[in-house]
There are 2 protein chains.
Amino acid sequence: MTGYQQTLKPFLWRAQNITPEREVVARTHEGMKRYTYADYGDRVGQLANALEAAGVETGDRVGTMCWNTDRHFETYFSVPNLGAQLHTINPLLPDGHIQHIVDDADDKLIFVDPSLAEKLASAYDPEAFESVEQFVIMGSEVPDLPLEPITDYESFIGDQSTSYEFPELDEEQPAGMCYTSGTTGMPKGVEYTHKMLHAHTMATMVPQALGIDNSDVVMPVVPMFHVNAWGMPFTAAAAGAKQVFPGPSPDPSDIARLIEEEGVTLAAGVPTVWLGLLEYVGENDVDLSSLDRVVIGGAAAPKALIEQYDELGVEVVHAWGMTEMSPVGTVANLKHDLKDAPKEQQFDVKSKQGLIVPGLEFKVVGDGGDEIDWNGEDFGELLVRGPWVTMEYFNRPAANEEDFDGSWLRTGDIVTVDTDGYIEIVDRADDVIKSGGEWISSQELENAIMAHDDVSEAAVIGVPHERWQERPVAMVVAPEGTDREQLSEELREMLLEEYPKWWVPDGFEFIDEIPKTATGKFSKKDLRELYEGEESELLDEDAPAEAAPEGED
Amino acid sequence: MTGYQQTLKPFLWRAQNITPEREVVARTHEGMKRYTYADYGDRVGQLANALEAAGVETGDRVGTMCWNTDRHFETYFSVPNLGAQLHTINPLLPDGHIQHIVDDADDKLIFVDPSLAEKLASAYDPEAFESVEQFVIMGSEVPDLPLEPITDYESFIGDQSTSYEFPELDEEQPAGMCYTSGTTGMPKGVEYTHKMLHAHTMATMVPQALGIDNSDVVMPVVPMFHVNAWGMPFTAAAAGAKQVFPGPSPDPSDIARLIEEEGVTLAAGVPTVWLGLLEYVGENDVDLSSLDRVVIGGAAAPKALIEQYDELGVEVVHAWGMTEMSPVGTVANLKHDLKDAPKEQQFDVKSKQGLIVPGLEFKVVGDGGDEIDWNGEDFGELLVRGPWVTMEYFNRPAANEEDFDGSWLRTGDIVTVDTDGYIEIVDRADDVIKSGGEWISSQELENAIMAHDDVSEAAVIGVPHERWQERPVAMVVAPEGTDREQLSEELREMLLEEYPKWWVPDGFEFIDEIPKTATGKFSKKDLRELYEGEESELLDEDAPAEAAPEGED
C-alpha cells in the first residue's frame, strides 16, 4: 500500500469527534433506544474488543441477519474498521440460499435479530454453517434454538474497554459483502472494499446525489441487510446527520410516528413503503412537516406517488442502483433549468431513474453493439463503471465472464437516455421482448395495464413465436367476478391508444398472483417456468396477424 | 494498477455529456467569451491533439502562467487527462523563484497570458528554462519577447480534431503541481495525483464542505495559478455548475458586473477581494441578489466582513486549506444546532477556520508532544491527513523529514479546537511567541491592535529576551502625524482589557509598511530579518518588569 488509504475510519472518527452530540435513535424489540455518536463510538470500540477476543482477525467474515437497529449499526463500523468483513444476510431468502451464502462466505460469527433467529435456525445446516464459531443474538434473551454456541449481544461486548486502536488498513481490504437476490440462480456475492465504500460515502453526500448534511435526520427504512441500507448509515455518520433506525418490520404507523417524534428530514425505502405510508396518512392525523424528501429506489417510483407526496410538501428523490454498485448509481434530481418548470414536467422527469452521480460513467449499448442515441426513445443495455462499482463477483468466474466487460458492469437493465441525460429503465435485459427484430418493453406494458382500475397486478412475458421470434403475453390479476373477456378487450383498446399495434400482447391470461422474488419484485423467471413448454397455448389465436413493427412486413 | 482508477476523466465526461448546455463564461483580453460545456469538451479535445502533436507524453509537465480564463480552464482537463501534469506557475513570485520552479519541474511547454508574458520574459533564463520546447501565448498576438519558439493558442490548437480518446490512466499518475509560495526559502513543489484531485473534487461538492450543485454559478476570483483556484474549476464541472472566469486582474467593478450579469451564486477569493467589493458596493448601485455565498480563504476572514456581507444577504463561507491539501481542509459551516442561534454567535463561529471536511482527519499536538484538549483555549500544531493531502514534497527530502510525520502533514499552523470541533488558527508555528514557557499568539495581538482606528497595519514578532526567552514587539503602521507615544499608550491599555499583562508587547515600533509575501500575506520572516541583530533595541525599557504568565514568577 502506498499513499493515503481510503477507508471507513475517518467517517467513524468524524461522527465521534466532530458531531459527538448528534443522536442515534432506534426502535427495537426492547423499546426505543437513544444515544449519541459519542456513546456510539464507545460501543463500537467495545464491540471491536469483543470481536478480537472472539478471535476475529483481518480478512474474517462476520455475518449479520438483523433489522435496522443501533446494534446492527454498531457492527457497521466495528467489523470493517477491524479489518474484517461485514456480510449482511437477507432473511427473506429461501433457506437453501442462506445455506449457500453462509457456506460461500465462510462466516465466522453471525449476529442475528431475535425475530429472525427462527428463520436462521430453519436455514441452519451443520455443513453449510461449519465455519460459524459463534452466534450472537441482538437481544437480551438467548432463544432455545439449534444455533450454538450462542450468546446475547450485551454479554458478548460485556465490560470490554470502549477504546480500541483500529489498525491502519489497505484500502483494497474488503469491508463489506452482500449477495444479490438474483432473479436467476443462486445469489452472487459482491464484495465492497474500504475504497469502494469510502467513495460511495463521499459521493452520496454530494447535492447531485442525495445531498446529506449535518442538519438532516436520516431514516433508512430500506433494510440494513440489503446493500448496507443503500449506504445511508455510513453517509449519515460522515455528514454528522442524526440517524433513526426503524427496527423490526416497521409498519406505516411506526414510520409515521418516528417521522413525527424524531423530526426525520430524509427517509429512504422501496415504493411499497411509501405507498403504505401514504394510505396511513390519508386515514390518520400525521404531521409530516419535518420530512423534506423521501428517497425511493429498489423499484421504479410511480409518477402518481411522486405527485401525491408533492401535495404533502415532500419531495420524492427517485434513485436507482444495484448491489454491484454499493448501490447508488443515478438520482432523478431536477436540472437547474427544470427548477421553475411546470410541476407536470417535473414529475415526468422525477419518474425517470435519473442522472448519473458525479464520479461514475455509463454507456448504453444497443442490440447491434453500438452506443445508442440519447433521444429518449432508443433502447439499449446500460453499462456503468466507477469507484464504487464492483468489477467482479466473489467466487463466480462464469458470472464474471458474462456480467462484466473490462471495467464495465453490464447492469442487465434496458434503458433510454433523453437529451438531458436522464436515464429511464424500460426493462430488464432478460425480460425485454424481441419481436420482429425490435424490442418491446415488458415493464412499460405492465405499467400501462396496471393503470386500469380493475387490474391489481400484471406481468408481461415474451413467449416464443415462429414468425416474430417472440410475442408478448400479459398475466393479469383481477378481482374475482371480473368479466375477463371484457377486461381483455378494454386493455387491448387502452394499449392501442398509446402503443403501436405490434406492442399489444397476443394474449391476456388471468392468474391469482404474480410470483415474487425475495425482495418483492415480480419474478418473471418463475412465471416463465410456470408455463414452460406450454407457451404456445398462451397466444390468442384471434390476435391480429400483422403483429409486426411499423414499417416492416 | 488494479481495480477502477480514480481520475479526473469522469468529471470532464459528465460536464460534456450530462450538462452540455451549461455555460462557461470568461472575461478576457479579447472581451467577454461564452460557450457551453459541449463546446468546452470539443476545445479540450483539440488541445489534447495539439499537445500530442507537440510531443507531450505521459509524465511530461506543462506549465501555465495565466489568469482565470476559458483557455486556462481548457488546460485544466486536457493536460491531466492526457497523462501529463499541469504545473500552474504563480506570476507574483520573484524571478529567481520562477527560474527555480521551471527548472525544478522541467516544464516542456509553458502557456502564458498576454499580460504576464513580460513577467515570464523577465524571469527567463536559458539554463533554468532549458526543458521548455514551446511557449504558447493565451492571446491572438505573439509578443516580441525572448520566449522562443512561441505561438498563439488558436494557432496551436489550429484545426485539430475535437475528439480525442484519452488513455486509461493509473490513479497515482500525477495530474497537477503547484509550488507553495513559502514564507521561508525557495518554493516547494506539491504534486497532485489524479486520485488526490478526484477525491478533492468529490469532497468539495458535499454540503459539509462547499455544497456545489448544478444550479450554482461559480466564480473563482482566487487565481487559477494558485492551487487550481482551490479546485473550483474541477468541482464546478463535476457538479455541472455554470462557471464564470473573471480574467486578468479583475477589479471590484469587474467582479460586481460579472455577479450581476452572469447571476453568480458562489464566488471565492481572499479577504481583500471581498473588502474591495464591499467598498465598491457601498459607493455604487450593484445588484448582488443572485449571490448566495462567498467562500473566503487564503487568510482569515475578519468578523466585520462576515457581518457586512450578512447585511447584504450574502453568506460568508470561511474556509481554510493549504497548497499541500489540494487545498480545502476546513469549512466554517454552522452545525445543525447553530442554525437558529443569535447572529452574533453565528458570526463568532464563522470567524473560525471551521470544521474538518468529511474524509479528512486531524490532530493537534501541543508543545510537549501530547494532543491538546478541545476546549477552545489550549494551543497546538495542527496535523492533517486524508485522500487529498500530500505525503511528500517534490525533490525535497529535507523538507519531507521536517514537515511530515508518517501519513500526517504538519501544517505549521498553531490552532485551538473548541468543544464543537471548530478549528481556529491562532498563529503560525514560526510566529508564535514563546514567553516564559507559554505561547502567545502573534496573530491575535495583531488583530487586536488593528482594531484601533488609527492603525492601518500591524505585525507582532517575538524578539529574544534573556529572562523570558522571547517577548512580543509590535510593528505598527499609522497615518503621518499620529502622536505615536499616545497611540502606544492607548494600544497598551486596549490590550490589557482583553489579555493578560504578559501578552502585552514590550515595544511598539512605527514603520511605513509591513513587508508582504507573493500571495499578499505579512512576511514576518522579512520583518525579523530587517531587525536581525538589533532586536534588543525594540524592547521598551519602560515595559513592565513582571512580563510573566499568570501564576508564574
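Where in the range A:485-506 does the label zone of A:Glu344 land, with the point 7 angstrom along Cα→C-beta and an amide N cut-off under 18 Å? Answer for the range A:485-506: A:498.
Label-to-label distances for A:Asp340 across copies, nearest first, come out at 3.2 nm, using points 7 Å from Cα in the beta-carbon direction. Only Lys, Arg, Asp and Glu carry charge here, each on its Cβ (+1 for the first two, -1 for the last two); on that basis the range A:431-538 has a dipole of about 520 debye about its Cα centre.
Sorting B:Tyr4, A:Tyr124, A:Tyr309 by solvent-accessible area of protein heavy atoms yields A:Tyr124, B:Tyr4, A:Tyr309, largest first, with a 1.4 Å probe. Label-to-label distances for A:Glu485 across copies, nearest first, come out at 11.9 nm, using points 7 Å from Cα in the beta-carbon direction. Charges on Cβ only, +1 for Lys and Arg, -1 for Asp and Glu, centred on the Cα centroid of the range A:431-538; of A:Met494, A:Ser441, A:Val473, which one is farthest towards the dipole's positive end? So the residue we want is A:Ser441.
Expressed in Å, the radius of gyration and Dmax of the Cα atoms of the range B:431-538 are 13.1, 39.
Put a dot 7 Å past the Cα of B:Ser249, heading toward its Cβ, do the same for B:Thr151, and the two dots end up 3.0 nm apart.
The slack in the chain from B:Thr482 to B:Val365, taken as 0.36 nm per residue of separation less the alpha-carbon distance, amounts to 37.9 nm. Taking both sides together, the accessible area buried where A meets B is about 4400 Å² for a 1.4 Å probe. Neighbouring Cβ atoms from other chains, within 10 Å of the Cβ of residues in A:355-368, number 4 on average. The aspartates and glutamates whose alpha-carbon is closer than 15 Å to the alpha-carbon of A:Lys350, local same-chain residues fewer than 8 away aside, are A:Glu307, A:Asp310, A:Glu311, A:Glu315, A:Asp337, A:Asp340, A:Asp418, A:Asp420, A:Glu424. Distances between copies at A:Glu172, taken between label points 7 Å from Cα along the C-beta direction, are 1.0 nm in increasing order.
Computed per residue of chain A from DSSP H runs no shorter than four, each worth -39500 (n - 2.57), the mean residue ellipticity at 222 nm is -8500 deg cm²/dmol.
Accessible surface area normalised per residue over chain A is 37 Å², counting heavy atoms of protein chains with a 1.4 Å rolling probe. Projecting the Cα atoms of A:Val25, A:Val455, A:Val227 onto the charge dipole of chain A, computed from C-beta unit charges around the Cα centre, puts A:Val25 farthest toward the positive end. List the residues of the range A:370-414 whose backbone N lies under 14 Å from a point placed 7 Å from the Cα of A:Asp170 along the Cα-to-Cβ direction. No residue qualifies, since no backbone N sits under 14 Å from the label point. Equivalent-ellipsoid semi-axes for chain A (Cα gyration tensor, √(5λ), whole Å, largest first): 41, 26, 24. Of the trypsin sites (Lys or Arg not before Pro) found in the range B:330-397, those in coil by DSSP whose Cβ has at most 15 other Cβ atoms within 10 Å are B:Lys339. Relative to the longest principal axis of the Cα atoms of chain A, the long axis of helix A:484-498 makes an angle of roughly 90 degrees.
Orientation-averaged projection of the range A:98-254 equals 12.1 nm² [convex hull of Cα atoms, one quarter of hull surface area]. For the residue pairs A:Lys33/B:Lys343; A:Lys242/B:Lys335; A:Lys242/A:Lys521; B:Lys335/B:Lys363; A:Lys303/A:Lys335, the alpha carbons lie more than 23 Å apart in A:Lys33/B:Lys343; A:Lys242/A:Lys521.
Sequence-distant contacts, meaning Cα pairs under 8 Å at least 6 residues apart, place the relative contact order of chain B at 10 percent. Suppose R0 equals 35 Å. What FRET efficiency, 1/(1 + (r/R0)^6) with r the Cβ-Cβ distance, do A:Met450 and A:Ser289 give to the nearest 0.05? Between A:Met450 and A:Ser289 the formula returns 0.65.
Under 18 Å of direct C-alpha separation, and excluding same-chain neighbours fewer than eight residues apart, B:Lys434 reaches these lysines: B:Lys501, B:Lys524, B:Lys525. Modelled spin-label separation between B:Tyr35 and A:Glu260, with each label point placed 7 Å from Cα along the Cα-to-Cβ direction: 5.8 nm. For the protein assembly as shown, the Kirkwood estimate of the hydrodynamic radius, built from every pair of different alpha carbons, is 31.9 Å. Within a straight-line Cα-Cα reach of under 21 Å, A:Lys195 can be paired with the following lysines, leaving aside sequence neighbours fewer than 8 residues apart in one chain: A:Lys9, B:Lys9, B:Lys195. About its Cα centre, chain B has a charge dipole of approximately 2420 debye under the convention of +1 per Lys or Arg Cβ and -1 per Asp or Glu Cβ, with nothing else charged.
The values are calculated or read from the model by the stated rules, or taken from the named source; none is laboratory data. Nothing here was measured: the structure is a model prediction, and the numbers come from that model. In this analysis, Cβ positions are derived from the backbone assuming ideal geometry, glycine residues included, and neighbour counts consider all displayed protein chains. Areas reflect the complete protein model, heavy atoms only, side chains present, ligands, DNA and RNA absent. Shrake-Rupley method; radii C 1.70, N 1.55, O 1.52, S 1.80 Å.
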